[in-house]
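Working notes, structure below.
The values are calculated or read from the model by the stated rules, or taken from the named source; none is laboratory data. What you see is a predicted model; the values in this text were computed from it and never measured. A quick note on method: Cβ atoms are made from the backbone with ideal geometry, for glycine too, and the neighbour counts reach across all protein chains shown.
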Amino acid sequence: MGNNASHNTIRWGILGCGNVTEIKSGPAYQKTCGFELLAVMRRDSDKAQDYAQRHGVKKFYSDAHKLINDPEIDAIYIATPPDSHKEYALMVAAAGKPCCIEKPLAPNHADCCAIVSAFSEKNIPLFVAYYRRSLPRFVKVKDIIASGIIGKVRHIHWQLHKTASDRDKSGEYNWRTDKNIARAGYFDDLASHGLDLFAFYFGDYQHAQGIAKNQQGLYSAYDAVTANWIYKNGVTGSGFWNFGCDENTDHAEIFGSHGKIIFSVFAEKPIRIINSNGEETIFIDNPHHVQMPHVENLRDALLHHIEHPSTGTSALQSSWAMEAILKHSD
């Protein structure tokens, strides 16, 4: 990192200042003590300038190489679509700067491994924006599991299904449903959050398998996935994701030997604990800038050497599981 970082301020540059950076993440880098958001980049210079002016960012670029190699920038946050993550990540690694990359880390496991290796070889910190690992609600679920209140965990099940959006039905281009960028469409974009979160709870995956299909024909990517898996600690898992149903559902259950925990991965719903003592409900609000705890943990990792819950290495678990689930699909 640059000399300024040694004075307890890390100056960040963002590649790809799109929707995710407007409220979820960008302001968190500005509001976290010890961080400064110094520059942003979009290929469309006018949009980059607009973002910089609206958010009070000093510099803007339309060239990723120039932002990455700006000597005043200490660290890079890559918030572009996943098909560009490897290219930009390798540029950041070559520049020797710490990096946080939006999820999924890359469209396939091999590219994920290449990115992680590039940073590992140079001993440069690499993080991934699986911010649920830092959100208080999901940390609470982890604490409940560890407390033993539901006994020994046996199984995790998650179902996520949604109605087709007007955009899906219109045929308008959407990179999230382009099989060349996201082979399984919204599964790639959304399921990665849950599968990463479950690895946070239960550790490494040992085996995973599944089937996927394009049932609606609205776009090129898969829109229906069903899977099961097992962790190295013996906990089993199952899930199904469908993006052409008549209702929206986000329901995860952790089954234990003496009870269960019910929660949602995306919906802001209470945690429910059910055991022989009855039912307890716990609600924990998300912060306005949902990546704030994640970004604060980045600060603690880079400035105070406190382990961050979401690294390039930890992100390999969900990428491996997703690839294994889709391996035998047509």
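Overview of values
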{"quantity": "Of the criteria (1) under 14 Å from L326 (Cβ atoms); (2) within 19 Å of the chain's Cα centre (by Cα); (3) surrounded by fewer than 17 Cβ atoms within 10 Å (Cβ to Cβ), which one T226 fails", "calculated": "(2)"}
{"quantity": "Residue among I181, I124, I144 that is in the same structural domain as I261 (by TED's automatic domain parsing) and assigned to a loop (DSSP other than H, G, I, E, B)", "calculated": "I181"}
{"quantity": "Check on F263, farther than 19 Å from N108 by Cα and under 19 Å from the mean Cα position of the chain (by Cα)", "calculated": "yes"}
{"quantity": "Condition broken by R133, with the remaining ones in (1) closer than 19 Å to V295 by Cα; (2) without any contact (Cβ under 8 Å) to a residue 60 or more places away in the chain satisfied", "calculated": "(2)"}
{"quantity": "Residues of the range 203-223 satisfying the condition of being surrounded by 16 or more Cβ atoms within 10 Å (Cβ to Cβ), over 23 Å from N248 (Cβ atoms) and not aliphatic (A, V, I, L, M)", "calculated": "Y205"}
{"quantity": "Only listed residue being farther than 30 Å from D111 by Cβ, among the β-branched types (V, I, T) and in the same structural domain as G148 (by TED's automatic domain parsing), chosen from T249, T226, T236", "calculated": "T249"}
{"quantity": "Candidates A199, A164 - the one that is outside the structural domain of H304 (by TED's automatic domain parsing), part of a helix (DSSP H, G or I) and at pLDDT 95 or above", "calculated": "A199"}
{"quantity": "Residue within the range 277-293 that is part of a strand (DSSP E or B) and of a type in the set (G, A, S) present", "calculated": "yes"}
{"quantity": "Subset of the range 70-81 [over 18 Å from L126 (Cβ atoms) and out of contact with any Asp or Glu (no Cβ under 9 Å at 6 or more places or on another chain)]", "calculated": "D70, P71, E72"}
